[in-house]
Amino acid sequence: MDFTAPKGTYDLLPPRAEAFLEVRAGLAAPARLAGYGYTETPLFEDTALFARGVGASTDVVTKEMYTFDDRGGRSLTLRPEGTAGVLRAALEGGLHKGQLPVKLWYSGSYFRYERPQAGRYRHFSQVGLEALGSDDPALDAEVVWLAVQAYAGLGLTGVRLLLNTLGDAACRPAYREALRAFLRGLDLDADTRARVEVNPLRVLDDKRPEVQAQLAGAPLARDLLCAGCREHHARVTGLLDRLGVVWEDAPTLVRGLDYYTRTTFEFQHDGLGAQSAVGGGGRYDGLSEEVGGPPLAGIGWALGVDRTVLALQAEGIEPAGAVGCQVFLVPLGATAKERAVLLLAGLRRAGLAADLAYGDRGMKGAMRAADRSGATYAVVLGDRDLQAGVAQVKDLRDGGQVAVPLEELVTTLEGKL
Ligand code: AMP
């Protein structure tokens, strides 16, 4: 074959793919119970939505977007994250004019042109949620708690919650200025110096050791919080404590997207190597206006499905697989095959996981297929049995075999399984 999956992408094939289904369902389960409604938006959006919504100075926008012109000359971008598109859809659909907060969850594919490595792909999968239209700190606590529940529900015990607050439109400008003044005094390359002027918070996120080493002593957002932000953070952390959520104070956590205000958080797992972030999110009270909408507070998160699967593996947790085959039909001969097709439909209608030895294999090959299917029972249909109106039901665990009248086959197997 002349083709492979594009660099940085992967195929999900059985049986491994089942884990992804389970993880997506598990990550979304607490949000669904909490009244978040399922949402789907296009895989691509107007490029400007991400440039303005994610932030023109972020790595995501400057280096990682899959951007193309369509045949009508529009600049479109494969979504690198979920929040901007979901907010756009909520505003376009007028949801913000109804009951607030608007609570939405989603699950799907995201695209970033990143350097691929274990746990970092160019096409990856997230489950996310957004709560729009309220700046109530209790909502911050709910959103964080739902992610904690999502990981716990899958059985993970090694997920750590890092929590920070970044200030808001009132106090962020003074903080940015203080940070800029500090960063201007450091020994930085030209690109980073330019970033200091455009978006100094980004520099705090620089992973290079020579930059990190100089950042000790940088002013922290929380030292310059306005009274409103201080009060908000105190209430969020107080509620989390009362909910029994264990969190770590992370005063330098800024995360890769520009839109965060106030509450900002990340979930990390130590079993994944370099890519330890399994999920993250925060409040983005200015984002709606940034994309031309009305003032509308918001908070949300996105949890990485791929890295959650890796975290489960690291903890030795096997997500529940698909329902395995329970009954495998082995017809011997053309007449038996026709009968078997009808019996198979009857078994499946009754809700049993049943399959059939396709391809006219001999008894030996068909029984090997039955064993491989993982079924508990094989049903062997020979010509002589058919004439007598019975099938041989063989227990594949102990080899025991009984003749069962064809009209009783479904009820007999239902009773046994
Ligand atoms: P972000 O949208 O950057 O806040 O990312 C949220 C979560 O999505 C991260 O914590 C990761 O678990 C996951 N994620 C982000 N980028 C990638 C990627 N390139 N490959 C796999 N997972 C990713």
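Values for this structure:
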quantity	calculated
Of the criteria (1) open to solvent by less than 30 Å² (accessible area, probe 1.4 Å); (2) within 14 Å of the ligand (Cβ to nearest atom), which one T261 fails	(2)
Counted residues, region 78-106 - those being more than 12 Å from the ligand (Cβ to nearest atom) and of a type in the set (S, T, Y)	1
From L76, L43, L91, residue being open to solvent by 70 Å² or more (accessible area, probe 1.4 Å) and either aliphatic (A, V, I, L, M) or under 21 Å from the mean Cα position of the chain (by Cα) (or both)	L43
Matching option when the condition is under 28 Å from the mean Cα position of the chain (by Cα) and either within 13 Å of the ligand (Cβ to nearest atom) or open to solvent by 30 Å² or more (accessible area, probe 1.4 Å) (or both), among E231, E248	E248
Total residues in region 277-328, condition within 30 Å of A378 (Cα to Cα) and either open to solvent by 40 Å² or more (accessible area, probe 1.4 Å) or out of contact with any Ser or Thr (no Cβ under 8 Å at 6 or more places or on another chain) (or both)	8
Hits in region 281-310 (condition: hydrophobic (A, V, I, L, M, F, W, C) and either within 19 Å of G271 (Cα to Cα) or within 16 Å of the ligand (Cβ to nearest atom) (or both))	L287, I299, W301, A302, L303, V305, V309, L310
Helices (runs of 4 or more DSSP H) wholly inside region 124-206 that include at least 3 residues being touching a strand residue (DSSP E or B) at 6+ places or on another chain (Cβ under 6 Å)	137-153
Residue in region 134-148 that is touching a helix residue (DSSP H, G or I) at 6+ places or on another chain (Cβ under 8 Å) and closer than 27 Å to K63 by Cα present	no
Checking G271 against (1) within 16 Å of the ligand (Cβ to nearest atom); (2) open to solvent by 20 Å² or more (accessible area, probe 1.4 Å); (3) closer than 30 Å to R195 by Cα; (4) not in a strand (DSSP E or B), the condition it does not meet	(3)
Inter-residue pairs, beta-carbon under 8 Å, first part of a helix (DSSP H, G or I) and in region 41-62, second among the aromatic types (F, W, Y) and buried (at least 16 other Cβ atoms within 10 Å of the Cβ), 6+ apart	G53/Y259; V54/Y259; V60/F50; V61/F50
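The values are calculated or read from the model by the stated rules, or taken from the named source; none is laboratory data. Just so it is clear, the structure is predicted and the values come from calculations on it, not from any experiment. All Cβ positions, even for glycine, are placed from backbone atoms using ideal geometry, and neighbour counts span all protein chains on display. For accessibility, only protein heavy atoms count, side chains too; no ligands or nucleic acids. Shrake-Rupley method; radii C 1.70, N 1.55, O 1.52, S 1.80 Å.
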